[in-house]
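Participant: If you scroll down you'll find the structure; I have some questions about it.
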Amino acid sequence: MTLIKVKSRGTDNVTGRKNILYNGAMQIHQRGNTTTASGSSKYFVDRFNVFHNGNQAVANLQQSTDVPSGNGFAKSLLIDVTTAESSVAAGEIAVLRQIMEGYDLQQLQYGASSARPVTLSFWVKSPKAGTHICELWHFTSPVRTQSQSYTVSSANTWEKHSVTFSGDTATALDNDSNYTMAVQWGLFAGTNYTSGTLATSWQNSGDTNRYVGQQNLFDNTSNNFYLTGVQLEVGNSASDFEHRSFGEELSLCQRYYWQFGTGDPNYTPIGAGVAEGSFSNIVMVYPTKMRAAPSIAYQGVQIFDGSTLAGATGLRGGYIGKRSINQQFHHGSLVTGRGVYASLTGTSSYLSFSSEL
């Protein structure tokens, strides 16, 4: 009789599409560089966000070409400290994170005895050697958390690290498009988050156990933190990074955010419609179905009716859906009933749609 060895469920790595996270190679950077400061939650490289409530610290959030050599990566994200936080108050914290919706997480089988472990792997270049913390934050009631540490051997040197999180048998993951879980990298944390014992198994959130030992990566304006090659996969070990095409990664990111500009040529058309005196209805179809009806922001949009240009001065109402929009732009008076199209006025102009978590 031949015995067949069967791998235990939840401990082997999956095949095929395996990376639960988006844009792990940091290829997509639709917004351009931005800045984070106290009280902010800022997206920069697509799907990556810095949550920050430090009183002093300021950092530029960028896409970088500094990457680990010979590993297939062309881009990284960069957090460049410009105002230091040398003395972190007890209640201050900053984390880099990617927030995930429940639809992408059901294979983890949380809330059952079959709950599956996940392994987070990444390349990091940190300004500090020593202990760093990664966390899974399950946004439920009560919040559930688990933290794992990794140790940077050499400051300002590219290193590959991985940490494994056990499955949560106690609390199920919501099956919807809302904020369900975040994977988070500590940047700094006050004693409210560091004075306990690191929660290496799932717990109802006790803040003092979340970031025990975390280095302060914001204590000097020469500090730069880089990250790339980020992968979250089912299983107890890290496998090779799953490289996806630029087009596929862009489409995945556009579920949460997309834009015309910045950097598109002058007068790039963005949509067509009809004038109604001091406003125009502009109809647009999104490149992909968005997670939710988006919020809209713009700079430097103009409306043209064939003879007259009118700069957009505001937005009003209209239909905003997950697949398309009839947006009403205010502007100077145009001829009611005349066909119009909207365009960007310059290379720094943009029109953006966000349904971020």
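Participant: What list of ³J(HN,Hα) values in whole Hz, one per residue of region 256-270 in order, does the Karplus curve 6.51 cos²θ - 1.76 cosθ + 1.60 (θ = phi - 60°) give from phi, with Gly and Pro shown as x?
Facilitator: 10, 6, 8, 7, 8, x, 7, x, 5, x, 3, 6, 4, x, 10
Participant: Given 20 °C and 1.002 mPa s, how large is the Stokes-Einstein diffusion coefficient of region 43-177 in µm²/s, with Rh as the Kirkwood radius over Cα pairs? Intermediate results must be reported in sequence, preceding the final value.
Facilitator: Numbers: Rh = 17.0 Å.
It diffuses with D of about 126 µm²/s by this estimate.
Participant: How far is it, in nm, from the label point at H330 to the one at R316 when both lie 7 Å from their Cα along the line to the Cβ?
Facilitator: About 0.8 nm, to one decimal.
Participant: Considering only the other residues whose Cβ falls under 10 Å of the Cβ of P68, what net charge follows from Lys and Arg at +1 and Asp and Glu at -1?
Facilitator: 0
Participant: Rounded to the nearest angstrom and ordered from largest down, what semi-axes does the equivalent ellipsoid of the chain get from its C-alpha gyration tensor (root of 5λ)?
Facilitator: The answer is 40, 25, 19 Å, longest axis first.
Participant: Moving on. Scan the chain and report its longest stretch carrying no trypsin sites (Lys or Arg not before Pro) that are both in a DSSP loop and have at most 15 other Cβ atoms within 10 Å.
Facilitator: It works out to 18-288.
Participant: Another question, then. Just to confirm, what accessible area per residue do you get for the chain at 1.4 Å probe, in whole Å²?
Facilitator: Value for the chain: 41 Å² per residue.
Participant: Would you grab the residues whose amide H sits under 5 Å from the one on I270? Only those 5+ places off in sequence or on another chain, please, with H modelled 1.01 Å from N.
Facilitator: For I270, the qualifying residues are A342, S343, L344.
Participant: Ignoring ligands, DNA and RNA, please state the percent of accessible area on region 256-357 from carbon and sulfur, probe 1.4 Å. Show your work: numbers first, answer last.
Facilitator: Working: 2300 of 4450 Å².
For region 256-357, the apolar C and S fraction of the accessible surface comes to 52 percent.
Participant: If R₀ is 35 angstrom, what is the calculated FRET efficiency for the pair A129 and N236, using the beta carbon separation as r and rounding to 0.05?
Facilitator: Once rounded, the FRET efficiency stands at 0.85.
Participant: Assuming a ≥ b ≥ c are the square roots of the Cα gyration tensor eigenvalues, decide whether region 251-299 counts as rounded (a/c under 1.5), prolate (otherwise, with a/b larger than b/c) or oblate.
Facilitator: On the way: a/c = 2.24, a/b = 1.42, b/c = 1.58.
Taking the square roots of the gyration eigenvalues as a ≥ b ≥ c, region 251-299 is oblate.
Participant: Can you work out the FRET efficiency for the pair A89 and I296, with r the C-beta to C-beta distance and R0 = 25 Å, to the nearest 0.05?
Facilitator: 0.10
Participant: Taking 2.2 N^0.38 Å as the expected size of a compact globular protein, what ratio does the Cα radius of gyration of region 217-275 give against it, to two decimals?
Facilitator: In units of the globular-protein estimate, region 217-275 measures up at 1.86.
Participant: Label points 7 Å out from Cα along the Cβ direction at N71 and T157: separation in nm?
Facilitator: In this crude label model, N71 to T157 measures out at 1.3 nm.
Participant: How much of the accessible area of region 10-131, probe 1.4 Å, is carbon plus sulfur, in whole percent?
Facilitator: 44
Participant: Here's something else I'd like to know. With +1 on each Lys and Arg Cβ and -1 on each Asp and Glu Cβ, how big is the dipole of the chain about its Cα centre, in debye rounded to the nearest 20?
Facilitator: That gives a dipole near 560 debye.
Participant: To the nearest 20 debye, what charge dipole does region 97-197 have about its Cα centre, counting +1 at the Cβ of each Lys and Arg and -1 at the Cβ of each Asp and Glu?
Facilitator: 400
Participant: Explain nothing, just compute: Karplus ³J(HN,Hα) = 6.51 cos²θ - 1.76 cosθ + 1.60, θ = phi - 60°, for every residue of region 47-58 in order, whole Hz, x for Gly and Pro.
Facilitator: Values per residue, Gly and Pro as x: 6, 9, 9, 10, 9, 8, 10, x, 6, 9, 5, 9 Hz.
Participant: Where does region 232-357 land on Rg(C-alpha)/(2.2 N^0.38 Å)?
Facilitator: Numbers: Rg = 17.7 Å, N = 126, 2.2 N^0.38 = 13.8 Å.
So the Cα radius of gyration is 1.28 times the expected 2.2 N^0.38 Å.
Participant: With the Cα gyration tensor of region 318-357 in hand, give its eigenvalues times 5 under a square root as the equivalent ellipsoid semi-axes, listed largest first in whole angstrom.
Facilitator: Listed largest to smallest, the semi-axes of region 318-357 are 23, 17, 8 Å.
Participant: Dipole of the chain (Lys/Arg Cβ +1, Asp/Glu Cβ -1, origin at the Cα centre): which of G91, F329, L108 lies farthest to the positive side?
Facilitator: Comparing the listed Cα positions along the dipole, L108 ranks first.
Participant: Hey, with R₀ at 51 Å, roughly what FRET efficiency would H243 and T208 work out to, going by the Cβ-Cβ distance, to 0.05?
Facilitator: Between H243 and T208 the formula returns 0.85.
The values are calculated or read from the model by the stated rules, or taken from the named source; none is laboratory data. The model shown is predicted, which means the values in this text are computed figures rather than measured ones. Neighbour counts are summed over all protein chains in view; Cβ atoms, including those assigned to glycine, are modelled from backbone coordinates with ideal geometry. For accessibility, only protein heavy atoms count, side chains too; no ligands or nucleic acids. Shrake-Rupley method; radii C 1.70, N 1.55, O 1.52, S 1.80 Å.
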